[in-house]
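Report on the structure given below.
A short reminder: the numbers here are calculations on the coordinates, not readings from a lab. This one's a predicted model, so the numbers in the text were calculated from it and none came from an experiment. Methodologically, a virtual Cβ is constructed for each residue, glycine included, from the backbone with ideal geometry; neighbour enumeration extends over all protein chains shown.
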Amino acid sequence: MALLTEQELHNLAMNIVGKDLESKGFEFLAVNSKLKKDPQFVALKDKILHFVVVRAITFPDNANSYDKDFMQTIKDHAIKFEAKTYYAGVGLGNSNNYQQPLEQGDAYAVIYNGLQEV
């Protein structure tokens, strides 16, 4: 079996966050699933613009931790558009053993605590 690539992990995280946003009534204005292109989602809810940065995180890193300096640059950009800024970290791991990398076809575990406002 082949290991999931960084882009494949990112796409998996994007799907998880995208479904969460949809279920909460967000309307997508732009979606960017390319690595290192931020934010991943520009969405509208209650007439308010939202910028969402998505990151796929693997064991042993903490899905809820983010680079505060980087996120501040996204927030500064969002302010120009009167938008709110969020971080969405998605922890992905091999469901049988978190210490093993994810391979294509493996069952996986997800740690996703929702959007964190920056």
> Taking neighbour counts of Cβ atoms within 10 Å as a proxy for exposure, in what order, fewest first, do VAL42, VAL110 appear?
Replying inline: VAL110, VAL42
> Spin-label point model (7 Å from Cα, Cβ direction): what's the GLN116 to ILE48 distance in nm?
Replying inline: 1.9 nm
>> Sorted from largest to smallest, which semi-axis lengths in Å does the alpha carbon gyration tensor of the chain give for its equivalent ellipsoid, taking the root of 5 times each eigenvalue?
In response: 27, 14, 12
> What does the charge count near PHE26 come to, summing +1 for each Lys or Arg and -1 for each Asp or Glu among other residues with Cβ under 15 Å from its Cβ?
Replying inline: 0
>> Quick check: the distance between the Cα centres of segment 97-113 and segment 70-86, to the nearest angstrom?
In response: 31 Å
> What is the dipole size for segment 1-110, taken about its Cα centre, with +1 at each Lys and Arg Cβ and -1 at each Asp and Glu Cβ, in debye to the nearest 20?
Replying inline: 380 debye
